[in-house]
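FYI, it's all coordinate maths here, none of it is from the lab. As the structure is a computational prediction, the values presented were derived from the model and not from experiment. Positions of Cβ are backbone-derived with ideal geometry, glycine not excepted, and every protein chain shown enters the neighbour counts.
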Amino acid sequence: MRKAEEFLTAVFTAEGDVDDEARKIVLLLESGVDTVHIRKPGLDEAATAGLIESVPVALRHRLRLHDHFALAARYGLAGVHLNSRNPEPPAGAASVTASCHTPAEVRGASGYEYVTLSPVFDSISKRGYRRAFDIDALGPLLARTRVVALGGVTPDSLELLRQKGFFGAALLGYIWSGDFGKASARLAGAIAAMRR
C-alpha cells in the first residue's frame with residue numbers, strides 16, 4: 001500500500017468550454033490537487049497558451065499537457081501526456097506520462113513518470129464506458145509500475161485506490177459534470193483526510 005503523502009491526485013480538464021476555467025484550475029491546485037492535466041483536444045495552440053497564461057506562474061509547474069507539447073517547455077509546465085492523438089513526446093521532454101486502457105498496455109509501458117489506466121470504474125463523463133478489468137487482480141502490476149487510476153474516480157474512492165497500490169488517482173467527470181463548488185470541496189476534504 002502506498003503512503004498517503006506519496007499518493008498523487010490529479011484532475012483532467014473537461015474537453016469542452018468551462019466558465020471561469022483558469023480560476024477553477026487554480027482553486028483545485030490550491031486546495032490539494034497535485035497536478036492538473038490540460039486535456040483540450042478542440043483547443044488550438046493559441047487558446048491553450050491563453051489558458052496556461054491565465055494560471056499564475058507559481059502554479060504552472062503543476063500543469064501537464066495532452067496537446068500542443070511545445071508549450072510545456074515554453075511555460076515551464078510539469079510535462080506532457082501521450083495519448084492516441086499525440087503518441088510521441090517532443091525531443092528533450094523533461095517528464096512524460098501516458099494513457100493506457102488495458103493491463104497489457106501498462107505492462108508494455110516503460111520510461112514514463114507514470115501511466116494512467118482507465119476505466120478503473122464505470123466512467124462518469126463517457127456514457128457506456130464501463131470498467132474493463134478487476135482492480136483486485138492488478139496487485140503485481142501496481143507493485144512495479146506507477147499507475148494512476150482514471151475513469152469513474154470520486155473522492156470516496158481515493159483511499160480504496162491507495163490501499164490497492166495505485167500510484168495515484170485522476171478525476172474528470174466527477175469534477176466537471178455537476179456542481180463544481182461542491183465537487184471540488186469534497187475532493188479537497190478527501191485529500192486532506194487521506195493525508196492526515
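Okay, here's what the table says:
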read-out: 3J(HN,Hα) from dihedral phi, region 28-34, Karplus parametrisation 6.51/-1.76/1.60, rounded to Hz, x for glycine, proline; value: 4, 5, 6, 9, x, 5, 6
read-out: Bins of 10 Å, starting at 0 and running to the largest distance - Cα pair percent for region 55-121; value: 21, 49, 25, 5
read-out: Spin-label proximity, ALA193 to region 1-17 - amide N less than 17 Å from point 7 Å beyond Cα toward beta carbon; value: 4-5, 9
read-out: Contour excess over end-to-end distance, with Cα ends at ARG85 and ASP20 and 0.36 nm allotted per residue; value: 20.8 nm
read-out: Span from the region 5-47 Cα centroid across to the region 119-179 one, whole angstrom; value: 17
read-out: Equivalent ellipsoid semi-axes, region 106-186, via Cα gyration tensor eigenvalues times 5, rooted, Å; value: 23, 13, 12
read-out: Label-point gap, in nm, between SER95 and SER177 - each point 7 angstrom along Cα→Cβ; value: 2.8
read-out: Net charge of Cβ neighbours under 12 Å - reference SER54; Lys, Arg +1; Asp, Glu -1; value: 0
read-out: ³J(HN,Hα), Karplus 6.51/-1.76/1.60, whole Hz, each residue of region 48-58, x for Gly, Pro; value: 5, 4, x, 5, 4, 5, 7, 9, x, 3, 5
read-out: Sparse-neighbour loop sites [trypsin sites (Lys or Arg not before Pro); region 1-102; at most 11 other C-beta within 10 Å; DSSP]; value: LYS3, ARG85
read-out: Residues whose placed amide H lies under 5 Å from that of LEU65, excluding near-sequence neighbours; value: ILE38, GLY79, VAL80, HIS81
read-out: Theoretical ellipticity at 222 nm over the chain - DSSP helices of four or more residues, -39500 (n - 2.57) apiece, nearest 500; value: -9000 deg cm²/dmol
read-out: Long-range Cα-Cα pairs in region 130-173 (distance over 11 Å), rounded percent; value: 64
read-out: Among beta bridges that DSSP assigns inside the chain, antiparallel share in %, nearest 5; value: 0
read-out: Estimated FRET transfer efficiency (GLU159, TYR129; beta-carbon r; R0 22 Å; 0.05); value: 0.40
read-out: Calculated on alpha-carbon atoms, Rg and Dmax of region 1-111 in Å; value: 14.2, 42
read-out: Trypsin sites (Lys or Arg not before Pro) within region 86-183, DSSP loop, no more than 10 other Cβ atoms inside 10 Å; value: ARG127
read-out: Candidates GLY79, GLY50, GLY128, ranked by Gaussian network fluctuation over the chain, Cα under 10 Å, top entry; value: GLY128
